[in-house]
Structure formats: C-alpha cells, structure tokens
1. Residues in segment 28-60 near a label at Asn110, defined as backbone nitrogen under 17 Å from the 7 Å Cα→Cβ point?
2. With charges only on Cβ, +1 for K and R and -1 for D and E, what is the dipole size of segment 38-118 about its Cα centre, in debye, rounded to 20?
3. To the nearest 0.05, what FRET efficiency results for Tyr28 and Glu242 with a Förster distance of 51 Å applied to their C-beta separation?
4. Cross-link candidates for Lys484: which lysines have Cα within less than 17 Å, leaving aside residues fewer than 8 places away along the same chain?
5. Which entries of Lys59/Lys81; Lys121/Lys435; Lys517/Lys543; Lys125/Lys539; Lys104/Lys151; Lys92/Lys171 have Cα-Cα distances beyond 23 Å here?
6. Which three semi-axes in whole Å describe the equivalent ellipsoid of segment 38-118, each the square root of 5 times a Cα gyration tensor eigenvalue, listed largest first?
7. Quick one: compute the contact order of segment 35-160, relative version, from alpha carbon pairs under 8 angstrom and 6+ residues apart, as a percent.
8. In debye, nearest 20, what is the charge dipole magnitude of segment 79-224 about its Cα centre with +1 on Lys and Arg Cβ and -1 on Asp and Glu Cβ, if you could check?
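The values are calculated or read from the model by the stated rules, or taken from the named source; none is laboratory data. Just so we're clear, the structure is a prediction, and the values are computed from it rather than from any experiment. Cβ: placed from backbone, ideal geometry, glycine included. Neighbour counts: every protein chain shown. We work out accessible area using only protein heavy atoms, side chains counted, and drop any ligands, DNA or RNA first. Shrake-Rupley method; radii C 1.70, N 1.55, O 1.52, S 1.80 Å.
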Amino acid sequence: SRWEEKKKEDGVKWMQLEHRGPYFVPLYEPLPEDVQFYYDGKPLKLSLATEEIATFYAKMLDHEYTTKEIFQNNFFHDWRKEMTSEEQEIIKDLDKCDFREIHKYFVDKNEARKALSKEEKQKLKEEADKIQEEYGYCILDGHREKIGNFKTEPPGLFRGRGEHPKMGMLKKRIMPEDVIINCSRDSKIPEPPEGHKWKEVRFDNTVTWLASWTENIQKTFKYIMLNPSSKLKGEKDWEKYEVARRLKGVVHTIRAQYRKDWSSKDMKERQRAVALYFIDKLALRAGNEKEEGETADTVGCCSLRVEHIQLHPQLDGQEHVVEFDFLGKDSIRYYNKVSVEEPVFTNLQLFMKNKDPTDDLFDKLTTNFLNRHLQHLMDGLTAKVFRTYNASITLQEQLKALTNPEDNVAGKLLSYNRANRAVAILCNHQRSVPKTFARSMQVLQEKIDAKKKQVEEAQEEVKKAEDEFEDTKDAKAEANVEKKKKLLKRLEEQLAKLNVQATDREENKQIALGTSKLNYLDPRISVAWCKKFGIPIEKIYNKTQREKFAWAIDMADEDFEF
C-alpha cells in the first residue's frame, strides 16, 4: 500500500517541493455607470475602493447578517476608514445608505450566469480547468500532487460563526507582498505577479504548507496546503487516528487515576482531575489561552467561570446535575444538563465556594499544566485526542447497536446517520436550521402524499386483478396478479424510502454531521461498516471525501475494530 511506504527521518516532510505559488483573485471591476449608490435619497459617485466595499454589503442585503447591529456597526466603521475625506464628510449614517440598486445588479448577474447556454458554461469550465492545471498542482518528491486551496481568499466582509463580535469587519485583499512562499532550494521559485514581490521565500521542509499569509481580522495564519487526497495529508490523518487508538489501551488506567485524584489533598490535582473528567465524558475542548482585547468571550474547559455552570442536587428526576451554558469555539453556544458522579458534584461545590460569578471555576489550573499532565499519561495525548477517541468509539458502538442487518439500504443509512448524530451531539456540532428547510420538507411531503396515493391505487389494482383471476382462473389473469403485486411492492419500498428520508432530515435539521465525519471519526469504522453490510461507500462519502480517505478505503476490511 502506498500509505505504508518508507517514512522519512523525524520532522522531514519532503525533499523536493516545486509549485507556481497562489492564484490571486482578479482585481475589482467597477460597476456600470447606470448602477448607482444613493445617500439620503440622492445618487453619489463613490471612489473605486469605497465602491468595492459597498458591493460587499450590497451582495448580502438579503442575508440575516445585514440585519444584525454588530455586523452593521463593524462594517460601517471599517468602510469609513477606507473612504476619501470628501466621502467621510458626506456618508455619516448607514441608515441613509441605499445599496438596493447594486444588490439588484448582482442578483441579475447571478441569474444571467445560471441561464448561460451549455456551450457558454463549458467555456467557463475550460477557463477554470486551465487555472487549476497551472496553479492546482505541485511536484513533491518527484510526484505530481494536487493542491487543496490554491486561490487566495477574495476580499469581503467577515462573517464568523455564531454571534461573532467581529462580524461585518473588512477582510482585506491579499497581495503578493503579504505572502510567504515555501519551496525547495533547487526548485524553480514561483514568480510573483508583475510589479510585485513576495514577502519572503523559505526553504522549510519540516512543514507541509506551500504558501502562507496572516489575515487581517483574527491575525491568524492562512495556508495553501496539499489536497486532502495527497499522500502527506493521508499519512497525517492516519497517524492522528492511530494516536487515538493508542488511547484505547490506556484510557481505563487514566480514568482510574483521575477518579482517585478527585479526593487528592492537592487542590490543583483535584481541579485537574475534574477538568479531565469533563474533557473525557463531554468531549469539551481544553480552552487554550486567547489574546487579550476584543475577541469573543469564548471559553473551554480550563477557562470556565463560575457563571458558566449551575449545580442542581436534583433535576428532571436525576441526581447531581451540572447545567453548562457558555460560548465555545467559533462562538457556538454550549448548553447541556449532565448528571455527574457524586464526587465531581461535591468538588464543583467546593471550587465555587466564596467566588464571584466572573471568577475562574478552575482557578488553580492552566491549559499548560493540564497538557503537560496529558503528555505524561501518554505520548501525544491532548484534549483533541480524547475528543477523537470518544467520537470514534461512540460511532462504532452506536453502529453495532443500531444497525439491523435485515433493513434495506435506506434503513441502514438512517441508522448510520443516527450513530453519526450521537457523535455530533457529543461534540456540540450544531448549525442553525437551513433557510431552505421548510420548503424542502414541504416538497418532500408532497412527494410522500403523491406516493401514498399511488400505493392506494396499486392496492386497488391488485384486488381487481385477484377478483378477475377468481372468476376466470386462467394463466393470463394469474400473470397479471403477479405483475400488479410486483408494482405494489416497488411503490411501497419507494414510500418507505421517502418516509425514512423525511425522518432523517427532520432529526438532522440543527445538527452538523459533517464536522465530526471529516475530523473526528476514524473513516475505517465507516468503511468497515459499508463492507460488512454491503452499503456502497459513495452513500457515506462523496467524491472529495473518498479521495481524502483513500488510505482508509485501501486499508480497512469489514472486521476492522477501532
């Protein structure tokens, strides 16, 4: 297997790397003269930079974001910074800005693109393919490998997930002067676009990125990486799940140890033991320290404050219930009521004693202290490894419990999605109900109603055919009965499939199944399940995902156990 080829020495990822550098998004094209921006009811000609930013907002007019005050304020603040002094003198109130004509222009442009002829669409595809061919591949150790995201992100307005405090801020255009190039010394170094130069050229074979820059809003690094289907990425993925599988061998010892530490004389050890219990049982993130300043008030396990939990000796028929309510990663709310073991409950009462709501719950604990302890328990162990382990084990156990070998393919897929959903709930992978949900459910219900009608008609046809056979007893009438029964059976199967689809869609409307499926679930569990129950792998993974998990499809047989 190509996934088991000879490894390089520690830390070295490649010996040769050659590529064209990133593809920069085209520069802004001004609006046609007859498409205007209005301020206080009067048309106002904007400078090019100001107009471009106005189009970012105009394109989003029918989106929920532009109704949010924080989005509006951040946008207006950043937009005014880019205006000329004359424009700043005039444009002082967002409510007096009218973007509707610009919005309509882009809606019409979008519709026109959809209405293109087959030949015109083919021409656009050929142009995109040409760019992909030129920029979308690199040479890595003599192999031509696909690059993942070879284009720089276009400028626009930051959205963020959840109620992000920076939503609406201006994402600036990435220029060659922002970009660090990484390649091998002996390769042909990529040429920057004419009139520009790179920020830096590096020759670092201990990293796998090809280009990098810092985005202006979160000040985080962005990278151009290899495609998930590349050998390097596949190996990294495989290693990640092998580390999680190693945890399986020691997790019982770790659990016994943290239970023992719940009664430790050292308060720091006690807090660490309770935090570790939450990371293990609830798949909470550790909660790494964040930069000071105006970032979202998001927390993880170690940074929980007293105000983030409530203790209930009894609640909803359960004992020792902890009610969590805080903003987790990406400002996604984590809300959960969990019945915990009595010593955990008692310790939490102790940790909260004589503290204000804004005080740290685990005041003696830092993520560094916790991570050092995890490393000591097992080489390579982090909170994320616990998350990966618990997610994968949950999927495997749920699949065993829920899959009925007698079910048809649709029934087995419903069981798979239910098992996947148990993981998504564990990891708090939520999404808002899609805007199209009500309409798509209505369309599906109409299909179900129509299919029910067909089934009823087919039942009547079967009865009619049976009566005819009763009367005549001839072979032709008997064949007709069989024919009608076959049709009825097919229609009933189609109806059952539609009903399963409706159940599945309803159950998953607020759960994001994709995140855990792509990042936390060992794909070999899914591959083995497919092979065992004769489910086509494409029912679980789309083409891109099958490329990403080629290593798992190659390795796992139906007896694979995580």
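1. Those under the cut-off are 54-60.
2. Value, rounded to 20: 460 debye.
3. That pair, Tyr28 with Glu242, gives E of 0.60.
4. Straight-line reach from Lys484, under 17 Å: Lys451, Lys452, Lys453, Lys463, Lys464, Lys473, Lys476.
5. Checking Cα-Cα distances, Lys121/Lys435; Lys125/Lys539; Lys104/Lys151 exceed 23 Å.
6. In descending order, the three semi-axes are 25, 15, 11 Å.
7. After rounding, I find 30 percent.
8. Around 420 debye, computed over segment 79-224.
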